[in-house]
Amino acid sequence: LAFIATKESKDVADEEVVQSFLSQVDPVVEDAVTIQYFQKAKLVHVFGKTIFTHGALLGDNIGVLPAESAKGPKKDINSWVDSMNGWLAEQVEEFLQNPTGGTNTRERAAFKL
């Protein structure tokens, strides 16, 4: 933020940092870069025989969807990848529809992201 504002780091107030972050996740702001990032992002991507993901793949979570963990893992990796990326899109849309809903608990919109 100091670099963008062309000033020393010590001259950037905490409130400026907070406002900068909030502007990046505010659905009303036209160029909210963090929202744009999540709208284009993928949680899981398969490239050849390699899986790229945000997070670790372990024996107890590969194939499992966050919202459906009780159902057990999906057997088809491509179906799981599509479902995970669809789940991300749903969570982002949920946030965009109600960005101030919930609290800083597991009840807030898009908590599972």
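How much length, in nm to one decimal, is gained on full extension between Q97 and A13, taken as 0.36 nm per residue of separation minus their Cα-Cα distance?
Values: separation 84, 0.36 × 84 = 30.24 nm, distance 3.07 nm.
Full extension of this stretch gives 27.2 nm more.
Kindly report the accessible area of the chain per residue (heavy atoms of protein chains, probe 1.4 Å, no ligands, DNA or RNA), in Å².
With the other protein chains kept in place, the chain gives 76 Å² per residue.
State the percentage of accessible surface on the chain attributable to carbon and sulfur atoms; use a 1.4 Å probe and exclude ligands, DNA and RNA.
With neighbouring chains kept in place, the figure for the chain is 55 percent.
Aspartates and glutamates within cross-link reach of K42: Cα-Cα under 20 Å, excluding same-chain residues under 8 positions apart?
Candidates past the 8-residue exclusion: D31, E68, D76, D82, E90, E93, E94.
Give me the compactness ratio for region 1-67, meaning the Cα radius of gyration over 2.2 N^0.38 Å.
Normalised by 2.2 N^0.38 Å, the Cα Rg of region 1-67 equals 1.65.
Helix by helix through the chain, keep the DSSP H runs that span 20 Å or more along the axis on Cα and average at least -0.5 on Kyte-Doolittle, and give those back in order.
The answer, listed by residue number, is 77-97.
Find out how many positive minus negative residues lie around L1, taking Lys and Arg as positive, Asp and Glu as negative, among other residues whose Cβ is under 13 Å from that of L1.
With Lys, Arg at +1 and Asp, Glu at -1, the neighbours total -3.
The values are calculated or read from the model by the stated rules, or taken from the named source; none is laboratory data. Just so it is clear, the model here is predicted, and its values are computed rather than measured. No Cβ is skipped: glycine too gets one built from the backbone with ideal geometry, and neighbour counts run over all protein chains shown. Only protein heavy atoms, including side chains, enter the accessible area calculation; ligands, DNA and RNA are left aside. Shrake-Rupley method; radii C 1.70, N 1.55, O 1.52, S 1.80 Å.
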